[in-house]
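Rule-based calculations on the coordinates, nothing more; no lab input. Please read all numbers here as calculations on a predicted model, not as lab measurements. Note: ideal-geometry Cβ built from the backbone for every residue, glycine included; neighbour counts use all protein chains shown.
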Amino acid sequence: MRSLIFIIAVVLILALLGWITFSSTPGKSSINIERQKIEQDTDQALEKGAEALQKAGDSIDSSLRTDSEPSSAAPTTPAPPSEPAAVTQ
């Protein structure tokens, strides 16, 4: 029963995406797989995925560059060590 529900859900999703269509003529019914639509949609998805990865890579590169560049402020010298406080008893 679960398998049948899963198959129906997959077919419904594919129909909503326009990847499969149903047609009926007198005495004949058919299910058409729209290969051209599938190819177009997958190409678009791959392009958008590549753009997203490129943007993420650029963002990481720019954040690494700003973190590794020395600051433009004057260099500071470390403070001399302070002497331990006197202990009174």
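Order these peptides, 22-34, 3-15, by their mean beta-carbon neighbour count within 10 angstrom, highest first.
Descending packing order for the listed peptides: 3-15, 22-34.
Between THR21, GLY49, SER59, whose Cα lies farthest towards the positive end of the dipole of segment 2-63 when Lys and Arg beta carbons carry +1 and Asp and Glu beta carbons carry -1, centred on the Cα centre?
Farthest towards the positive end: THR21.
Could you compute Rg(Cα) / (2.2 N^0.38 Å) for segment 2-63, with N its residue count?
Ratio of Cα Rg to 2.2 N^0.38 Å: 1.75.
In whole Hz and in residue order, list the ³J(HN,Hα) couplings for segment 29-42 that follow from phi through the Karplus curve 6.51 cos²θ - 1.76 cosθ + 1.60, θ = phi - 60°; x for Gly and Pro.
10, 8, 10, 10, 9, 8, 4, 5, 5, 5, 4, 4, 5, 5
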